[in-house]
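Visitor: Okay, handing you the structure first.
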C-alpha cells in the first residue's frame, strides 16, 4: 500500500527525510508501516490458504478420486490449516494491533519498534520454509495441522521443516505479544486508566498474555516431536514406551487458548464498529472486559474437549464437559451486550456494520454448535466429522476473518485517507456472507449423517451437500478478489476522508487526520 | 438504505442463489441424503440422539430469541427512519439476569448429559469381548472368549471405482462405496458386546454411527467401549475410521453384521467362517436369505480379483447354504513345495490386500514416502533379508511387521510375488516351511 506517500505531506514535525523503498519497508520501525506489512502478508496468506481449500473442494465435488491422490489431499488439509491459522488470522490481528493500538492509547509508536520489525520479518521466511516443504521428497506435512504423533513420527522431511517454521512463527508471535503488553501497560496517554481503554486494546492485551502463555507450550511439544523423530527419544512414540495421548494434551493445552487468540481481537473490533453505527455507546463496557478475561481464563481448563474420544476417565470427561459449557456464559454476555448496543440506537448499515452484524449472527451460530459439541455423549458422534469442520469455520471465518474484513473497511479511510467504494463494499459483504453459508451450512448435515473429516473420498450419499459446499467455496474464494480490488482502489484514490470518517465515532484514532500522519501523538493527548 | 438499493441487490443475489439451488436439486442430485444422525439401534445411541435433539432445540430457541430481538432492532431503530438514539450504556441488573439464566439452562443440559455419559462409560457385565486393532489401513478383530476367532477386515471396494482420474477405465461407484469390507465384524443382538480397542501403528478411531460408539484406537493403549444392539435390529451397519491415520484414512471402513444370538453361537461353533461377501457363514438357509439381496447386488460389481478367488460365485449365490470357502488359505496347505507360479498367483491377492495401499498396485511406491518394490534392494537382494523385512517390518516407518498378520504360506507367496512380478524377475522363491524356520 502506498498510502504513506500521501502521509508524507502531513509529516512535518521530524527533521530526518522519509525513507523509501527497501529502507522504508525492510528496515521499518514505524508501527503503521509494520502494520501495513502484516496486513498485506495476512491477505496474501488468506489467498494462498484459500487456494489450498479450493483444491480440497474440487476433489470433494464428487465421490471417487478425480484430481488428486489421498496423500496430496492430506497435504492440502494440513497446509491449508497451518497457513490460515498462523499466516492469515494471527498476523492479520497483529497488523490491526500495530496500526491501531498506538493510535488508540495515544502513543507515538509501539514500545519496542526494532523488535516489531523483527517479529514481522521472521514470518515471510517461516512461511517460505513451510511452503518449500511441498518440494521435498514425500511432499508437505500430511498429518493434519494438529501434527498428532505417532503419525508425524512416520512423516518425511517436511515435518521437520514445519517444526522449524512453527518455531519461527512462535518467536514472531511471542515478540509481537510482548510488544503489545509493554505498549499498552506503559504508553497510554495521561488519564487513560485501564478501565477507560478501548475494547480492542483490552482484548489484545488479554490475547497477548494468552500468546505468551501457550506459544512456548506448542514449541515444547513440537520440539519433543523433533527429538522423537531424530534423536531416539520416545516422548510420544509408543514403540519406545512413549504416550501418543500426552502429545494431544500438550497440543490442546496450546490449541484451545489459540482459538481464543484468534477470536478475542475480533470481539474487540466489532465492539468498536457496532457503537459507531448504532450511534450509541457500547452497552456494558465493564462486563465486556470481565467477560473477555473470563473467557481467557476458562480457555486454559477446557483443552481436553478436543479429545473426548481418546478414552479419558469418566471424571475427566465430566470436568471438561462442565468447564466447556461454562464458556458459553461469558460469550453469551458479549452477544447480549452487542445486541443491546444496537437496541434503540440509530443504526445505519455501511459495510463495516454489515460485517459486524454478520459476525454477531454467524459467530453465535458457530458458538451454539460449539455448545452442542461440548455435550460429551453427543460429541462422541460429532467428533472428527464435518459437523466440527462446519463449527470451527463458523467461528473462525465468520468470526475472526469477517471481523477483520469489517475492521478493514472501518479503518481503511483512516489508513489511506480515502473512502472506499461503499457500493462495492456492500456487494463484497453479501457475496461473502452468502457464499460462506452455502459452503459451510451443508457441512453440518454431512457431519451428522456420518461423513468423517479429512476424507479424500466419500460414499455417494454425501454427494449432494458436498456439491453445495464446493460451489459455495469457489464463490467465496473468488469473491475475495473484489476485496483486494476495493483495497487497492481505495489506496490509489477516492473521496477524501475526514479525520472523523464516520458519524461522531469514539476513540483517539479519530482525532488525528486521515490518512494518519507517519508519526502521531508525539505529544500525548490527555484523556478525561 | 439497506432495503432500497441494498435490498434490490440482495434480492438479485437471492434469485441467483435460488436458481443455483434449483439446479442442484434437479440436475446434480444423484443420491438421497440425510440431514441428521443415522437411526439409532442401541439404547445408548437412542439416548445420544435424544440428547442431541434436546440441545439442538434449546440452541434453536436461544438463537431465534436473541436474533428476533436483533432484527426487530435492525428494522425499527435505524437512522433512515430518523429513530432518535438512546444513550443508556449499562444496567447491572440486566447483566446479572443474562448471566444467571444461561447458567441455569446449562445446568438443565448438563444433568441429562451426565446421565448418558455415565451409562456409556459402564463397560462392566459384558457378554462378549472383542479386541479391535487398527492398522494402516485395515482393522483386525479378535474374539476374546475362547473361541479363537480372529481375522482382518479390509476395504473391498474395487480400485476401479475409486480411481476416477481416467473416466474410460473407471467403473461406476456402487451403493456401499467405501463402506464395504472383505469380512464383517459379526456380533449378536441383545447381548452386551465390549470392545477393547487399540492400534498397531498410528492412531485410528473405531466408529459405528448407528451404535452411538466412537473411540480412538491408540497404539500402546487399550480403550473400551460397549454396545448392545436391539433384538430385531439384526442387519449390516457401516462406519468409518474417524481419526486421520495417513494416506488411506478414507479407505478403512468398518462393517458390522448383527445376527441373532442363536445364529451367532452357530457362527462361533462353526469356527467363524465367512461367505464370499464377507458376512457370517452360518449353517442355516434362513439367515443367508436375509442378505441374499445384498449379495446378488454386489456380486455384479465384484472386482476381477475377487472373482478369481470365488470362481463359482453366481452359482453358489443361488444356493445360499453352500457358500464358498473362506478366502483365508490355511497353513496346512503349505506342506507340499509350491512352484514360483503358484506362489506368485496367491501372492498377488495378498499383495493387493496388504501391500498395495503404500507400495501401489504397480510396485512403484510413492517417491519420498513409500519406497518402490520394483527394483528395490530388498526385493531383489538376498531373500532372507526380504523375509525379515516382511516378518519384522521397519521400526519408525509405516512398514508394519506382518508376522502376526499373515501365515507362513501367505508370507512365502507375497515374497515370491514381489520378487517375480511388479517388474522384478529375481527368479527365486521361498516356501512356507522356510518362513516357519525364520520366525
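Visitor: In segment B:363-386, how many are under 20 Å from residue B:430 (Cβ atoms), assigned to a loop (DSSP other than H, G, I, E, B) and out of contact with any helix residue (DSSP H, G or I) (no Cβ under 7 Å at 6 or more places or on another chain)?
Guide: Here the count works out to 6.
Visitor: Can you work out which of the residues in segment A:304-342 that are outside any helix (DSSP H, G or I) and more than 7 Å from chain B (Cβ to nearest Cβ) is surrounded by the most Cβ atoms within 10 Å (Cβ to Cβ)?
Guide: Out of the qualifying residues, it is A:312.
Visitor: While we're looking at this one, here's another question. Please report, ordered by residue number, the strands (runs of 3 or more DSSP E) entirely within segment B:180-232 with at least 3 residues that are away from chain A (no Cβ under 13 Å) and touching a helix residue (DSSP H, G or I) at 6+ places or on another chain (Cβ under 9 Å).
Guide: B:185-188
Visitor: A further question on this structure: Testing residue B:256 on (1) surrounded by 21 or more Cβ atoms within 10 Å (Cβ to Cβ); (2) more than 7 Å from chain A (Cβ to nearest Cβ); (3) assigned to a loop (DSSP other than H, G, I, E, B), one condition comes back false. Which one is that?
Guide: That leaves (3) as the condition not met.
Visitor: Within segment A:471-513, track down each residue that is touching a strand residue (DSSP E or B) at 6+ places or on another chain (Cβ under 8 Å) and buried (at least 20 other Cβ atoms within 10 Å of the Cβ).
Guide: Once the filter is applied, which keeps residues that are touching a strand residue (DSSP E or B) at 6+ places or on another chain (Cβ under 8 Å) and buried (at least 20 other Cβ atoms within 10 Å of the Cβ), segment A:471-513 yields A:490, A:491, A:497.
Visitor: Still on this model: Mind listing whichever residues of segment A:226-239 are facing another protein chain (nearest Cβ under 9 Å) and in a helix (DSSP H, G or I)?
Guide: Hits for segment A:226-239 are A:229, A:238, A:239.
Visitor: Kindly indicate the residue of segment B:73-83 that is facing chain A (nearest Cβ under 9 Å) and in a helix (DSSP H, G or I) and also nearest to residue A:333 (Cα to Cα) among those meeting that condition.
Guide: Looking at residues that are facing chain A (nearest Cβ under 9 Å) and in a helix (DSSP H, G or I), I get B:73.
Visitor: For segment A:180-195, check the following and say yes or no: at least one residue is within 14 Å of chain B (Cβ to nearest Cβ) and assigned to a helix (DSSP H, G or I).
Guide: Yes.
Rundown of residues vs (1) part of a helix (DSSP H, G or I); (2) in contact with a helix residue (DSSP H, G or I) (Cβ under 8 Å, 6 or more places away or on another chain); (3) without any contact (Cβ under 8 Å) to a residue 60 or more places away in the chain, yes/no style:
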| position | (1), (2), (3) |
| --- | --- |
| A:412 | yes, yes, no |
| A:434 | yes, yes, yes |
| A:486 | yes, yes, no |
| A:490 | yes, yes, no |
| A:498 | no, no, yes |
| A:505 | no, yes, no |
| A:521 | no, yes, no |
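Visitor: So which of B:278, B:239 ends up being at positive phi and either at pLDDT below 95 or within 14 Å of the chain's Cα centre (by Cα) (or both)?
Guide: Within the list B:278, B:239, the selection yields B:278.
Visitor: Something else: Does residue A:300 meet the test of being surrounded by fewer than 23 Cβ atoms within 10 Å (Cβ to Cβ) and under 19 Å from the mean Cα position of the chain (by Cα)?
Guide: yes
Visitor: Report every pair of residues separated by at least 6 positions or lying on different chains whose Cβ atoms are under 7 Å apart, first residue within segment B:84-110 and more than 7 Å from chain A (Cβ to nearest Cβ), second buried (at least 16 other Cβ atoms within 10 Å of the Cβ) and part of a helix (DSSP H, G or I).
Guide: B:105/B:58
Visitor: Then there is this: Could you run through segment A:275-289 and say how many residues are more than 8 Å from chain B (Cβ to nearest Cβ), over 20 Å from residue A:212 (Cα atoms) and out of contact with any strand residue (DSSP E or B) (no Cβ under 9 Å at 6 or more places or on another chain)?
Guide: Counting residues in segment A:275-289 that are more than 8 Å from chain B (Cβ to nearest Cβ), over 20 Å from residue A:212 (Cα atoms) and out of contact with any strand residue (DSSP E or B) (no Cβ under 9 Å at 6 or more places or on another chain) gives 3.
Visitor: Could you please give the count of residues in segment B:371-422 that are touching a residue at least 60 places away in the same chain (Cβ under 8 Å) and within 30 Å of the chain's Cα centre (by Cα)?
Guide: The qualifying residues number 14.
The values are calculated or read from the model by the stated rules, or taken from the named source; none is laboratory data. Just so we're clear, the structure is a prediction, and the values are computed from it rather than from any experiment. Note that we place each Cβ from the backbone using ideal geometry, even for glycine, and neighbour counts take in every protein chain shown.
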